[in-house]
Amino acid sequence: MYPEHTPHVPAQRAVEVHQPTPYPPAVPALAPLMPVQPNAVPAVASIVLPDGRVVTGYAIKPTRPEPVAAKPAVSRTAVNVALGGAGFLAVCGGLVLLTSFIAALTAFITQLIILAAVIFGGWIAVQIFSTRGHQGGTTVNIRKAVIKRNHFHG
């Protein structure tokens with residue numbers, strides 16, 4: 001900014017103060033542009049630096065930091081661990097129920113097979129014993145007996 005070879009004394013220099021002109025508010029492009037005078041010129045602050053330079057500019061309101069969100073009563077890690085544990089228990093319980101269901105289904109199918117075998121075997125036994133039981137007795141053929149009787153008497 002300032003050459004090193006130029007001797008200067010801060011008190012001897014003249015200070016110029018410029019008043020900045022604020023920009024007019026933004027107007028949509030559809031509306032005709034009309035020059036608007038600001039209602040009031042904002043206050044301009046000037047600061048004298050230790051080396052004698054003067055800095056002039058608008059005063060800026062200090063920004064307040066956003067309030068820090070309150071921490072939850074329970075840490076997120078604890079919640080994640082608890083949810084993971086609950087999920088693991090749900091999966092294990094589901095697998096136990098699935099295993100029990102498969103075992104019950106297997107037992108039911110086995111009982112149906114045994115029941116079918118008993119019924120079918122009983123039916124076969126009835127068929128076998130009912131037809132063979134009548135073959136051992138005396139069978140009378142009436143037509144042959146009549147013919148024989150007529151033949152002997154005739």
### Surface accessible to a 1.4 Å probe, per residue, for the residues of segment 47-89, Å²
96 Å²
### Query
Cα gyration tensor of segment 46-92, axes a ≥ b ≥ c as square roots of the eigenvalues: rounded (a/c below 1.5), prolate (a/b > b/c) or oblate?
prolate
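The values are calculated or read from the model by the stated rules, or taken from the named source; none is laboratory data. Being a predicted model, the structure only gives us computed values, none of them experimental. Just so you know, the surface numbers come from the protein's heavy atoms only, side chains and all, with ligands and any DNA or RNA stripped out. Shrake-Rupley method; radii C 1.70, N 1.55, O 1.52, S 1.80 Å.
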